[in-house]
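Peer 1: Before I ask anything, let me first share the structure, which is written out below as structure tokens.
The values are calculated or read from the model by the stated rules, or taken from the named source; none is laboratory data. Owing to the predicted nature of the structure, the values given are computational and were not obtained by experimental measurement. Methodologically, a virtual Cβ is constructed for each residue, glycine included, from the backbone with ideal geometry; neighbour enumeration extends over all protein chains shown.
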Amino acid sequence: MKQKENADLRQQNEMLEQKIKAFAPQIQRFLSEINAIVLDKEQQTTLALCCLIAGGHVLFEDLPGLGKTTLASSLAHLADLKFQRIQFTNDMLASDVIGINMFNQKEHQFEFKQGPIFTQILLADEINRSSPKTQSALLEAMEEGFTTVDGHRYELPKPFWVIATQNPLFQSGTYALPESQLDRFLMRLSLGYPSRQAEKVLLQQESRAALISMLTHVFHEQDILQLQSLVQQIFVSDVMQDYLLDLAAETRKKRHGLSTRGLLALKRAAQAYALIQQRAFVTPDDIQAVFVAVASHRIGLSEIETAQLLQHVAVS
């Protein structure tokens, strides 16, 4: 019986490895294409793809004009997914995001008019310029893939992915995102300024919008859904689970550390990163590659302080 179980596990692992290898050329092409648009940001684009195939949302914290919208548009185009953008302002209402029931005088009944949230990739631009009440309209959608209006629950398209941008809090007209909403983002990333060489290329080339329109689709909707399914099958050994638990325990020393949901997010992100690296199992390198982006916004530390926590935990 034990031999049969081991044989079945080996067969399942071989099938998983074959599926991962089948997607490898598309993943490499995807990263190559997007890095030709968003220059000098290979780590950030890899982690953004990691969020997409992990089924998690991503928050970019940056000054305006550093390529966040360009990155979101490129991701949507290459993935062949429907894309909507919401420019958040301080007078925006929750109904502007999720939609509203309007009375149809001809039919003498209310009809639901969908808001821009009913898409596959939603760019929530400058999300922290809207009030906390409007920001909270995204909470249910981000966590469950549904939204509720007047007691009626509406399912969102699949896959559903939120790319939100946040301006630094020292800028006027911004509101801090509540911890409950920050926790819904799988990762927080920052593009930052490009290198001098990259900016020179940007000066010489035509607009990013023109280049994006010339891109061909690399994935399709079913490809993304299949990749998200494969991520869940990536093997996490007992040793790696203990490493994840040790890291979570380290974040909780003398502070509010990773929640259980944050720990599960770290595991899922590491699985997605392993898949991108064409492996059917998670290694310490995968966990370390995503740890800062997954943990820093959840525990309230800077990226440098969060990275230092890795040095205090050894792999057993």
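Peer 1: If you check G151, G145, G192, which single one turns out to be free of Cβ contacts under 8 Å to residues at least 12 places away in the same chain and surrounded by fewer than 16 Cβ atoms within 10 Å (Cβ to Cβ)?
Peer 2: G151
Peer 1: Still on this structure: Just the residues that are part of a loop (DSSP other than H, G, I, E, B), among the aliphatic types (A, V, I, L, M) and either surrounded by fewer than 17 Cβ atoms within 10 Å (Cβ to Cβ) or touching a Gly at 6+ places or on another chain (Cβ under 7 Å) (or both), please, taken from region 258-316.
Peer 2: Passing the criteria: A314, V315.
Peer 1: Can you name every residue in region 248-263 that is closer than 24 Å to T46 by Cα and either in contact with a helix residue (DSSP H, G or I) (Cβ under 6 Å, 6 or more places away or on another chain) or modelled with pLDDT of 95 or more (or both)?
Peer 2: Within region 248-263, A248, L258, G262, L263 qualify.
Peer 1: Here is a follow-up. Name, by its number, the condition in (1) farther than 18 Å from H57 by Cα; (2) in contact (Cβ under 8 Å) with a residue 24 or more places away in the chain that does not hold for Q311.
Peer 2: (2)
Peer 1: Okay, moving on. If you go through region 53-71 one residue at a time, do you hit one that is exposed (fewer than 15 other Cβ atoms within 10 Å of the Cβ) and without any contact (Cβ under 8 Å) to a residue 24 or more places away in the chain?
Peer 2: Yes, the conditions are met somewhere in region 53-71.
Peer 1: Can you find a residue in region 282-295 that is under 17 Å from K21 (Cα atoms) and either without any contact (Cβ under 8 Å) to a residue 24 or more places away in the chain or within 21 Å of the chain's Cα centre (by Cα) (or both)?
Peer 2: Checked region 282-295: at least one residue is under 17 Å from K21 (Cα atoms) and either without any contact (Cβ under 8 Å) to a residue 24 or more places away in the chain or within 21 Å of the chain's Cα centre (by Cα) (or both).
Peer 1: Please determine, by comparing only the residues of region 200-251 that are in contact (Cβ under 8 Å) with a residue 24 or more places away in the chain and of a type in the set (D, E, K, R), which one is farthest from L63 (Cα to Cα).
Peer 2: D242
Peer 1: Consider I100 carefully, then state whether it is touching a strand residue (DSSP E or B) at 6+ places or on another chain (Cβ under 9 Å) and within 26 Å of A79 (Cα to Cα).
Peer 2: no
Peer 1: Please note which helices (runs of 4 or more DSSP H) are completely contained in region 192-233 and include at least 1 residues that are within 13 Å of H77 (Cα to Cα) and in contact with an Asp or Glu (Cβ under 6 Å, 6 or more places away or on another chain).
Peer 2: Correct list: empty, since no element meets the threshold.
Peer 1: Can you name the residue in region 12-64 that is in a strand (DSSP E or B) and in contact with a helix residue (DSSP H, G or I) (Cβ under 6 Å, 6 or more places away or on another chain) and, of all such residues, is modelled with the lowest pLDDT?
Peer 2: Among them, the one singled out is F60.
Peer 1: Does region 249-256 contain at least one residue that is under 21 Å from the mean Cα position of the chain (by Cα) and not acidic (D, E)?
Peer 2: no
Peer 1: Hey, any hits in region 13-25 for a residue that's of a type in the set (D, E, K, R), out of contact with any strand residue (DSSP E or B) (no Cβ under 7 Å at 6 or more places or on another chain) and at positive phi?
Peer 2: No, there is no match, as no residue in region 13-25 is of a type in the set (D, E, K, R), out of contact with any strand residue (DSSP E or B) (no Cβ under 7 Å at 6 or more places or on another chain) and at positive phi.
Peer 1: Sticking with this structure for a sec: Among the residues of region 111-142, which ones are surrounded by 19 or more Cβ atoms within 10 Å (Cβ to Cβ), of a type in the set (A, V, I, L, M, F, W, C) and part of a strand (DSSP E or B)?
Peer 2: I121, L122, L123, A124
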